[in-house]
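Visitor: Sending over a structure as structure tokens; questions will come in a sec.
Just so you know, all these numbers are worked out from the coordinates, no wet-lab data involved. Remember, predicted model here, so these are calculated numbers, not experimental data. FYI the Cβ positions are ideal-geometry reconstructions off the backbone, even for glycines, and counts take in every protein chain you see.
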């Protein structure tokens with residue numbers, strides 16, 4: 001499975017991505033690579049197109065130009081079967097969880113296992129319960145998403161993203177709105193899964209603490225230049241950047257008063 | 001870009017995983033144990049474990065080169081069923097630490113959460129209490145909506161007319177094609193079916209009486225109301241239900257805006273005004289459809305029209321119109337009520353829309369029955 005990949009080959013490669021909605025261009029010339037087993041963080045102010053970039057990576061949006069490779073294969077030119085196969089190797093946690101409201105947490109996590117593996121129901125239930133235990137939701141198997149708190153929904157969504165033990169996991173703001181203890185727990189979970197299973201994580205986050213704790217490398221997107229304004233280890237970005245935007249971000253400084261905050 | 005298509009279709013293909021028997025009650029796992037490959041050895045391994053029930057059971061993982069959490073689940077299950085008798089040997093430290101995170105004892109069979117069976121009295125009791133709660137809610141809603149409507153009539157400037165007009169457009173204008181289609185077909189079908197029979201008596205001209213009376217008194221208002229129940233009651237319930245699910249209703253309340261006044265009144269006004277207009281339209285189109293059929297039976301439109309005028313009294317038309325006012329109020333009201341009663345989650349919105357249509361249909365039929373009795377006694 002994952003063994004078959006050349007470990008030097010990037011898991012995700014984005015090449016001169018240009019994207020937009022209607023007449024608005026959101027990204028122009030965005031290129032980066034994510035290596036296997038890396039925890040890669042995407043930063044940027046609101047409106048800089050982080051979530052749109054994530055949707056491009058999983059093929060929900062078509063790029064205007066530029067190419068995106070997952071495991072060296074291009075999503076937009078892949079056949080339907082190939083595409084489904086590539087997407088199965090990616091686990092996604094959407095910003096708001098996107099759990100299925102009519103299903104219990106256990107059923108939410110079991111669903112991909114039921115569809116894509118030949119495991120027996122008892123085995124699937126056990127795997128799903130273990131995933132929920134990983135994110136600290138033991139005992140909540142029979143709850144529906146509407147019956148649990150927002151933080152628990154996020155954690156359940158992470159459990160669902162991990163259901164098939166994917167090679168790449170995309171997390172859109174996994175710790176936003178969580179208490180520091182839970183948030184640190186998620187950081188630890190990410191690190192542990194990377195270390196034991198070699199999962200590659202692409203994480204969108206704003207939490208500075210979390211960025212320092214987990215990120216191997218980070219890119220920062222910017223709304224005005226529609227591209228990447230900084231790339232590197234977060235500590236280096238903080239200490240050695242010339243870009244005022246990046247400095248502001250890492251030092252948590254507001255825009256100058258009187259200047260519009262766009 | 002030289003790396004395109006380098007790897008073939010191996011992303012999720014089940015890689016080689018073998019379960020080898022090394023000795024009695026001693027097995028070796030070779031290859032990659034993952035969520036796809038684990039299914040193949042799950043049963044054989046536990047079958048072997050059952051056969052070794054009296055002895056310790058060994059699984060050697062030295063040749064295992066990959067193991068994900070589904071593989072860990074296999075070991076957890078083995079440790080849970082065999083306790084100390086199961087020995088998992090030579091598991092790579094990384095996987096061992098993953099395995100150590102799980103306490104097998106915690107993954108026993110879950111307490112069955114299925115509800116205990118209720119006896120008949122309990123079922124009746126629950127049904128009764130739910131029915132009473134529903135009735136209470138409905139009466140409360142009727143009161144609230146009535147007060148809000150009255151308030152709006154007292155102070156029309158307090159209503160958001162822009163909303164009301166937009167809703168009226170959606171309920172009324174956009175429903176014209178479907179209402180026209182159904183009404184025309186009804187007129188045509190009624191006229192045709194009755195004309196075929198009446199021709200045997202040379203009484204084709206009385207088709208005008210039949211079509212005119214049944215359309216204006218009953219079918220025009222009723223069909224329009226049924227169409228609106230499917231179209232607008234469901235739309236109201238789904239829209240308000242989604243707002244409820246998204247906490248928008250709570251947001252309105254905290255801003256000091258009464259959801260009934262803000263959401264329900266414009267919709268009820270739109271229903272109240274548009275249903276009679278659509279009914280008049282349906283009546284006219286239906287009569288026209290009947291007239292077209294009459295042409296086939298060699299009765300000119302003028303003759304048909306004159307016969308209509310003698311057959312139909314203004315009371316028939318206005319009787320139908322009064323009904324359609326009530327239908328409009330019921331459809332909009334029950335649509336909004338079901339929307340406000342929405343529970344949590346996407347499924348709840350669907351349930352609300354369904355309940356809105358069903359309730360609206362029931363109310364329409366009941367109201368129509370009441371009108372029939374009322375008109376009979378009033379000699380309308």
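Visitor: Label points 7 Å out from Cα along the Cβ direction at residue A:253 and residue B:129: separation in nm?
Guide: Distance between label points: 6.3 nm.
Visitor: Here is a further query. Bin all alpha-carbon pair distances of segment A:95-169 at 10 Å intervals from 0 and give each bin's fraction as a whole percent.
Guide: In order of increasing distance, the bins hold 22, 58, 19, 1 percent.
Visitor: Over segment A:1-92, what per residue volume does the convex hull of the Cα atoms give, in whole Å³? Mind showing how you got there, number by number?
Guide: Numbers: hull volume 9.4 nm³, N = 92.
Roughly 102 Å³ of hull volume per residue.
Visitor: Per DSSP H run of n ≥ 4, the term is -39500 (n - 2.57); total these for chain B, divide by its residue number, and report the mean residue ellipticity at 222 nm rounded to 500 deg cm²/dmol.
Guide: Values: 14 runs with 245 residues, N = 380.
Calculated at 222 nm, the ellipticity per residue is -21500 deg cm²/dmol.
Visitor: Can you give the relative contact order of chain B as a percent, counting alpha carbon pairs under 8 Å and 6+ residues apart? Display every interim value, and only then the final one.
Guide: Numbers: 476 pairs, mean separation 63.0, N = 380.
So the answer I get is 17 percent.
Visitor: Then there's this: To the nearest µm²/s, what D does Stokes-Einstein give for segment A:53-94 at 4 °C and 1.567 mPa s, using the Kirkwood radius over alpha carbon pairs as Rh? Write out the running numbers ahead of the final one.
Guide: Details: Rh = 10.6 Å.
The calculation lands on 123 µm²/s.
Visitor: If r is the Cβ-Cβ distance from residue B:142 to residue A:142 and R0 is 45 Å, what FRET efficiency results, to the nearest 0.05?
Guide: Numbers: r = 37 Å, r/R0 = 0.83.
Calculated transfer efficiency: 0.75.
Visitor: What do you get when you divide the Cα radius of gyration of segment B:38-170 by 2.2 N^0.38 Å, with N the number of residues? Numbers along the way, then the final one.
Guide: Numbers: Rg = 31.6 Å, N = 133, 2.2 N^0.38 = 14.1 Å.
Rg over 2.2 N^0.38 Å, computed on Cα atoms: 2.24.
Visitor: Which length gain, in nm to one decimal place, applies between residue B:178 and residue B:284 when the Cα-Cα distance is subtracted from 0.36 nm times their residue separation? Provide the component values of the computation, followed by the final result.
Guide: Working: separation 106, 0.36 × 106 = 38.16 nm, distance 1.43 nm.
Full extension of this stretch gives 36.7 nm more.
Visitor: What is the average number of partner chain Cβ atoms found within 10 Å of a Cβ in B:63-73? It would help to have the intermediate numbers written out before the result.
Guide: On the way: counts 0, 0, 1, 6, 3, 13, 11, 12, 2, 5, 10.
That average works out to 6.
Visitor: Mean separation of Cα pairs under 8 Å and 6+ residues apart, divided by the residue count of segment A:108-262: what relative contact order is that in percent? Don't jump to the answer; show the numbers that get you there.
Guide: On the way: 154 pairs, mean separation 22.4, N = 155.
So the answer I get is 14 percent.
Visitor: Just to be sure I understand the model, the point goes 7 Å from the Cα along the line to the Cβ. What's the resulting residue B:53 to residue B:258 distance in nm?
Guide: About 7.1 nm, to one decimal.
Visitor: Give me the percent relative contact order of segment A:1-134, please, defined on Cα pairs under 8 angstrom at least 6 residues apart. Present the calculation step by step, with values, prior to reporting the outcome.
Guide: Working: 135 pairs, mean separation 27.7, N = 134.
Computed value for segment A:1-134: 21 percent relative contact order.
Visitor: Quick one, can you get me the convex hull of the C-alpha atoms of segment B:275-380 expressed as volume per residue in Å³? Show your work: numbers first, answer last.
Guide: On the way: hull volume 13.2 nm³, N = 106.
Considering the Cα atoms of segment B:275-380, their hull volume per residue is 125 Å³.
Visitor: If the viscosity is 1.306 mPa s and the temperature 10 °C, what Stokes-Einstein diffusion coefficient in µm²/s follows for segment B:239-337 when Rh is the Kirkwood radius over Cα pairs?
Guide: Details: Rh = 16.5 Å.
It diffuses with D of about 96 µm²/s by this estimate.
Visitor: Something else: Binned at 5 Å from 0, what are the whole-percent values of the Cα-Cα distance distribution for segment B:102-213, short to long?
Guide: Final binned percentages: 2, 8, 7, 7, 7, 7, 7, 9, 10, 11, 9, 6, 4, 2, 1, 1, 1, 0, 0.
Visitor: Take peptide A:117-128, look around each residue's Cβ out to 10 angstrom, count Cβ atoms belonging to other protein chains, and average those counts. It would help to have the intermediate numbers written out before the result.
Guide: Numbers: counts 9, 7, 9, 4, 0, 4, 9, 4, 4, 9, 11, 1.
Mean inter-chain Cβ contacts per residue within 10 Å come to 6.
Visitor: With just the Cα atoms defining each centre, how far is segment B:57-82 from segment A:136-207? Give it in Å.
Guide: Computed from Cα coordinates, the inter-centre distance equals 24 Å.
Visitor: Under 16 Å from a label point 7 Å along Cα→Cβ of residue B:301: give me every residue in segment B:247-289 with its amide N that close.
Guide: B:284-289
Visitor: For peptide B:93-102, compute the average count of partner chain beta-carbon atoms within 10 Å of each residue's beta-carbon. Please report the intermediate quantities before stating the final value.
Guide: Numbers: counts 1, 5, 2, 1, 3, 7, 1, 0, 5, 6.
Taking all residues of B:93-102 together, the mean is 3.
Visitor: Stretch residue A:96-residue A:213 to full length: gain in nm at 0.36 nm per residue minus the Cα-Cα span?
Guide: Details: separation 117, 0.36 × 117 = 42.12 nm, distance 2.30 nm.
Using 0.36 nm per residue and subtracting the Cα-Cα distance, I get 39.8 nm.
Visitor: Based on a Kirkwood Rh over C-alpha pairs, give the Stokes-Einstein translational diffusion coefficient of chain B at 20 °C and viscosity 1.002 mPa s in µm²/s.
Guide: Values: Rh = 27.3 Å.
D = 79 µm²/s.
Visitor: If a/c stays under 1.5 just call it rounded; otherwise compare a/b with b/c (prolate if a/b is bigger, oblate if not). Do that for segment A:126-212, with a ≥ b ≥ c from the square roots of the Cα gyration tensor eigenvalues.
Guide: Details: a/c = 1.82, a/b = 1.15, b/c = 1.59.
Oblate.
Visitor: What value, in deg cm²/dmol to 500, does the helix sum -39500 (n - 2.57) over DSSP H runs of n ≥ 4 give at 222 nm once divided by the residues of chain A? Please report the intermediate quantities before stating the final value.
Guide: On the way: 9 runs with 95 residues, N = 262.
Rounded to the nearest 500, it is -11000 deg cm²/dmol.
Visitor: Could I ask something else about it? Could you work out the mean projected area of the convex hull around the alpha carbons of the protein assembly as shown, in square nanometres to one decimal? Let's see the in-between values first.
Guide: Working: hull surface 170.8 nm².
Hull-based average projected area comes out at 42.7 nm².
Visitor: Specify the angular offset, from 0 to 90 degrees and rounded to the nearest 10, of the alpha carbon long axis of helix A:150-161 from the longest principal axis of the alpha carbons in chain A.
Guide: With both axes taken from Cα atoms, the answer is about 70 degrees.
Visitor: Here's another thing I want to ask about it. Averaged over every viewing direction, what's the projected area of the C-alpha convex hull for segment A:65-218? Give it in nm², one decimal, please.
Guide: Details: hull surface 40.5 nm².
The Cα convex hull of segment A:65-218, projected and averaged over all directions, gives 10.1 nm².
Visitor: Also, quick follow-up: Multiply the residue gap between residue B:110 and residue B:163 by 0.36 nm, knock off their C-alpha separation, and tell me the result in nm, one decimal place. If you can, show how the numbers build up before the last one.
Guide: Numbers: separation 53, 0.36 × 53 = 19.08 nm, distance 5.15 nm.
Stretched out fully, the residue B:110 to residue B:163 stretch lengthens by 13.9 nm.
Visitor: Now, a different point. Starting from 0 in steps of 5 Å, tell me what percent of the Cα-Cα pairs of chain A lands in each bin.
Guide: P(r) for chain A, in whole percents per bin: 1, 6, 13, 16, 18, 17, 14, 9, 4, 2, 1, 0, 0.
Visitor: Which order, highest average first, do B:120-130, B:202-212 follow once you tally other Cβ atoms within 10 Å for each residue and take the mean per peptide? List each step's numbers first, then the result.
Guide: Values: B:120-130: 10.1, B:202-212: 19.5.
Order by mean packing, descending: B:202-212, B:120-130.
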